[in-house]
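**Student:** Quick one: the structure is below, questions incoming.
Please treat every number below as a calculation from the coordinates, not as lab data. Owing to the predicted nature of the structure, the values given are computational and were not obtained by experimental measurement. Quick reminder, even Gly has a Cβ in these numbers, built from the backbone with ideal geometry, and neighbours come from all protein chains shown.
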Amino acid sequence: MKKKLVVLTGAGISAESGLKTFRDTDGLWEGFNVYDVATPEAWLKNPELVQDFYNQRRKQVLAAEPNDAHRGLVELEAHYDVQIITQNIDDLHERAGSSNVTHLHGVITRSQSDLNPELTYPVNGWEIKMGELCELGAQLRAHVVWFGEAVPMIEAAAGICRSADLFVLIGSSLAVYPAANLLNFVPRRSPRYIIDPKIPEMRDSSRIVRIEKTATEGLKELLQLLS
Ligand code: APR
């Protein structure tokens, strides 16, 4: 029986695929005010702006490729039951070949009904057009969780963390809740690793192995430590 390796990833793991993080210098939120493009209020006020923001992001995601960090996590599946929980809305983990990915904040390659968020569909191409409707006749929007919206997968994610034999945090500033809370569900006995060139502050950083490197360099070190 393989040990369960739980990996929580953030925008940092996709940085080396050319996708901007949110809070680094020149990050995505530097160019935009989240309240103009990533809240239900923004969608009510200016749906075209919000739709276009995510259409542009989707174009960038479709043009990006998984990097060696995404692939390193696939390699670890030979030795561990790897369960990925990602805050990212890109599909690079899936395209790298990871077999178990939970998206906390949705995934931009799918659309969702504006009436029932549980109704989701694959997006053909890079854009969702205004006037494109779901089977209920409601507008389609990006299948992503906006600030102020519920995070439907958080309980499943906490359950995965509770059963972690090992835990790795890669490329997240832990600035956003409830995702940042997940660390508290990892059993204290389970070894924890962090891969980030700027290790984020956290309450209880005892017994955490800190790998202060980029995701691709850090995965090389992690593969040596864990294989
Ligand atoms: N390799 C690894 N980590 C990196 C790299 C890299 N090449 N480049 C940057 N990082 C790290 C930064 O040091 C930072 O800790 O990635 C982290 C990025 O933090 P954020 O930009 O805050 O991204 P994230 O933590 O994923 O944001 C969480 O906030 O805006 C919301 O919904 C959005 O899912 C997102 C959530």
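**Student:** Rounded, prolate or oblate: pick one for the stretch 116-227, where a ≥ b ≥ c are the square roots of the eigenvalues of its C-alpha gyration tensor, a/c under 1.5 means rounded, and failing that, prolate if a/b is larger than b/c, else oblate.
**Tutor:** Taking the square roots of the gyration eigenvalues as a ≥ b ≥ c, the stretch 116-227 is prolate.
**Student:** Another question about this same structure. Let a ≥ b ≥ c be the square roots of the eigenvalues of the Cα gyration tensor of the stretch 3-48; is it rounded (a/c under 1.5), or, if not, prolate (a/b larger than b/c) or oblate?
**Tutor:** Judged from the Cα gyration tensor, the stretch 3-48 comes out oblate (a/c at least 1.5, b/c at or above a/b).
**Student:** Another one. May I ask you to compute the full-extension gain from K20 to K220, defined as 0.36 nm times their residue separation minus their alpha-carbon distance, rounded to one decimal in nm?
**Tutor:** 69.8 nm
**Student:** Taking N as the number of residues in the chain, what is its alpha-carbon radius of gyration divided by 2.2 N^0.38 Å?
**Tutor:** Against the compact-globule rule of thumb, the ratio is 1.02.
**Student:** Still on this structure: Charges on Cβ only, +1 for Lys and Arg, -1 for Asp and Glu, centred on the Cα centroid of the chain; of P200, M153, H70, which one is farthest towards the dipole's positive end?
**Tutor:** P200
**Student:** Can you give me the distance in nm between label points at E212 and R95, each placed 7 Å from the Cα along the Cα-to-Cβ direction?
**Tutor:** For E212 paired with R95, the spin-label model returns 3.3 nm.
**Student:** Restricting to the stretch 1-124, compute how many DSSP beta bridges are antiparallel as a %, nearest 5.
**Tutor:** Within the stretch 1-124, antiparallel bridges account for around 25 percent of the total.
**Student:** In nm, to one decimal, how far is the modelled label at A158 from the one at V74, with both set 7 Å along Cα→Cβ?
**Tutor:** Modelled inter-label distance: 3.3 nm.
**Student:** First check a/c for the stretch 1-119, with a ≥ b ≥ c the square roots of the eigenvalues of its C-alpha gyration tensor; if it is under 1.5, answer rounded, and if not, answer prolate when a/b is larger than b/c or oblate otherwise.
**Tutor:** prolate
**Student:** Another question, if that's okay. Hey, what number do you get for the chain at 222 nm if only DSSP H runs of n ≥ 4 count, each worth -39500 (n - 2.57), divided across all residues, to the nearest 500?
**Tutor:** Working: 9 runs with 69 residues, N = 227.
Using -39500 (n - 2.57) per qualifying helix, the result is -8000 deg cm²/dmol.
**Student:** Ok, one more. So how strong a dipole does the stretch 36-115 carry about its Cα centre when Lys and Arg Cβ are +1 and Asp and Glu Cβ are -1, to the nearest 20 debye?
**Tutor:** In total the dipole reaches around 160 debye.
**Student:** Note down the magnitude of the dipole of the chain about its Cα centre, charges +1 on Lys and Arg C-beta and -1 on Asp and Glu C-beta and zero elsewhere, to the nearest 20 debye. Mind dumping the intermediate values first?
**Tutor:** Values: 24 positive and 30 negative charges, 165 e Å.
Roughly 800 debye, rounded to the nearest 20.
**Student:** Additional query: Run the numbers for E127 and K59: contour at 0.36 nm per residue of separation, minus the present Cα-Cα distance, in nm.
**Tutor:** Working it through step by step, the gained length comes to 23.7 nm.
**Student:** Against the longest principal axis of the chain, how steep is helix 47-63, in degrees 0 to 90 to the nearest 10, with axes from Cα atoms?
**Tutor:** Value to nearest ten degrees: 50.
**Student:** Quick one: which residues, 5 or more positions from T102 or on another chain, have an amide H under 5 Å from its amide H? H modelled 1.01 Å from N in the peptide plane, none for Pro or chain starts.
**Tutor:** I84, I85, T86
**Student:** Gain in length, K2 to L44, computed as 0.36 nm per residue apart minus the alpha-carbon separation, to one decimal in nm?
**Tutor:** Between K2 and L44, full extension yields an extra 10.4 nm.
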